[in-house]
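Here's the structure we're looking at; comments come further down.
The values are calculated or read from the model by the stated rules, or taken from the named source; none is laboratory data. For clarity, every value in this text was computed on a predicted model and none was experimentally measured. Positions of Cβ are generated from backbone atoms using ideal geometry, with glycine treated the same way; all protein chains shown enter the neighbour counts. In case anyone asks, the SASA skips ligands and DNA or RNA and just uses the protein heavy atoms, side chains included. Shrake-Rupley method; radii C 1.70, N 1.55, O 1.52, S 1.80 Å.
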Amino acid sequence: MSVHAPALADAHLPDKQTSAFARDAARDLSQHPKRLSPKYFYDATGSELFEAITRLPEYYPTRTELRILRDRGGEIAKLIPKGAALVEFGAGATTKARLLLKNSAFGAYVPVDISGEFIKAQADALRRDFPQLAVYPVTGDFTAPFTLPSVVETMPRVGFFPGSTIGNFEPDEACRFLRSARGILGEDAQMIIGADLEKDERVLYDAYNDAAGVTARFNLNVLVRMNRELGANFDLSAFTHRAIFNRERHRIEMHLISKKKQTVRMLGTSFSFRTGETIHTENSYKYSVDRFEALARGAGWTVRESWTDPAKMFSVHALMAA
Ligand code: SAH
Ligand code: AVI
């Protein structure tokens, strides 16, 4: 494995990220149906809104996964080599990593996240709470290849991908991501990964259509970002949040629906919308334990253990590079 300084040089990130956002948004809003990548929800506001979602009564995944991680803490700790580096993909508020870090003797923690300002603040808070731990935040897009900080080169590596963020990939992208994570983590790596389970449609519907409207604000935040960062003129009151469960494809879909016929300008181009036309902003795939294990195996990992909560709402899997 080649491990050296982060390929994602922090100093250049705002420009690089903005130009990737501009390129992707212009391309994806020209598609039929229009779409946007869910990774663009996450600026500092988007990260805060996601945190607010995790505290909603309807949003069961976070508290359920935390319960599995707590209940299985001893078993998970036994799988982790002493002095390992914990590499979290999409670390966000680092709440779940804190549980693992308390239970095992990790040598370093590498939170990777596209939301740069947010992840740096979380890394600072973590350093205060775990003064002995070396924390190396990496700002960047985990769907693109990147290298780990050179200091973790000699440590065993444990990947951590909780939250069912894997569900935000198409199944073929999820397979590619798992293969690439194997490459980034290197031989003999372990991986702890959370996947949301398919369940009663009403429970799923409510989790993505909360009564307080926080998920709607999270969804609309991508339009706020395009207005601010890309000079677009989206009228936020002219779009509405919708989340539906697509049973055939095992996924929740989030959409922003145009309330009227309208034209939006962005980056010198006009994008027209019919009344009721959608921008498809996110998929959140729901797995069965068997389907998730098959995905992991297909990407070259061996499944060591799979755990669920008693109500079988959420699953956590321990993988080993085969
Ligand atoms: N791990 C946390 C947060 C999950 S939310 C938890 O389980 O609660 C998803 C996180 O992944 C966000 O913090 C978001 O900023 C990050 N993220 C989403 N797409 C990303 C990408 N392509 N590259 C890097 N980080 C990404
Ligand atoms: C980060 N990800 C797994 C969340 C999910 O449930 O798909 C993002 C989210 N979208 C709406 N609510 C939460």
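Hey, what did region 62-180 get for relative contact order, percent, Cα under 8 Å, at least 6 apart?
On the way: 163 pairs, mean separation 34.4, N = 119.
With pairs under 8 Å counted, the relative contact order is 29 percent.
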(Q) Under the rule of at least 5 residues apart or a separate chain, name every residue whose amide H is placed under 5 Å from the amide H of residue 135. (A) 109
(Q) Which of rounded, prolate or oblate describes region 10-77 when judged by the alpha-carbon gyration tensor and an a/c cut-off of 1.5? (A) prolate
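Compute the relative contact order of region 23-105 as a whole-number percentage, counting only Cα pairs closer than 8 Å that sit 6 or more residues apart in sequence.
Working: 36 pairs, mean separation 18.6, N = 83.
Taking the mean separation of contacting Cα pairs over the length of region 23-105, I get 22 percent.
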Q. Quick one: if you stick a label point 7 Å off each Cα along the C-beta vector at residue 24 and residue 55, how many nm between them?
A. 2.8 nm
**Q.** Among the listed pairs 39/259; 96/261; 34/199; 120/312; 78/199; 260/312, those beyond 32 Å (Cα-Cα)
**A.** 96/261; 120/312; 260/312
Q) Which percent of Cα pairs goes in each bin when the distances of region 149-279 are cut into 5 angstrom slices starting at zero? A) 2, 8, 14, 15, 13, 13, 13, 10, 7, 3, 1, 0
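Send over the per residue convex hull volume for region 259-308, Cα only, as a whole number of Å³. Write down the numbers at each step before the final one.
On the way: hull volume 8.1 nm³, N = 50.
Considering the Cα atoms of region 259-308, their hull volume per residue is 162 Å³.
What relative contact order, as a whole-number percentage, does the chain give when Cα pairs under 8 Å and 6 or more residues apart are counted? All intermediate terms of the calculation are to be shown ahead of the outcome.
Numbers: 618 pairs, mean separation 69.4, N = 322.
Over the chain, the number comes to 22 percent.
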**Q.** Average accessible surface area per residue within the chain, 1.4 Å rolling probe, Å²
**A.** 44 Å²
Q) With no solvent and one point on each alpha carbon, what is the Debye value of log10 I(q)/I(0) for region 138-225 at q = 0.26 Å⁻¹? A) -1.36
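Give the calculated FRET efficiency between residue 82 and residue 201 to the nearest 0.05, with a Förster radius of 35 Å applied to their Cβ-Cβ distance.
Working: r = 44 Å, r/R0 = 1.27.
Working from the Cβ atoms, E equals 0.20.
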(Q) Run the Debye formula on the Cα coordinates of region 200-244, all scatterers equal and no solvent, and tell me log10 I(q)/I(0) at q = 0.17, 0.22, 0.23, 0.25 1/Å. (A) -0.53, -0.74, -0.78, -0.85
Q. Which three extents, in whole angstrom, do the alpha-carbon atoms of region 41-184 cover along their principal axes, largest first?
A. 39, 32, 28
Q. Can you give the Kirkwood hydrodynamic radius for region 59-143, in Å, rounded to one decimal and based on Cα pairs?
A. 13.3 Å
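What percentage of all Cα-Cα pairs in region 209-322 are separated by more than 21 Å? Spell out each step's value before the answer.
Details: 3503 of 6441 pairs.
Percentage above 21 Å: 54.
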Q) So for 272, 164, what's the accessible-area order with a 1.4 Å probe, most first? A) 272, 164
(Q) Can you compute the radius of gyration and Dmax for the chain, using only the Cα atoms, both in Å? (A) 19.5, 60
Q) Leaving out ligands, DNA and RNA, what percent of the accessible area of region 110-191 is carbon and sulfur, probe 1.4 Å? A) 50 percent
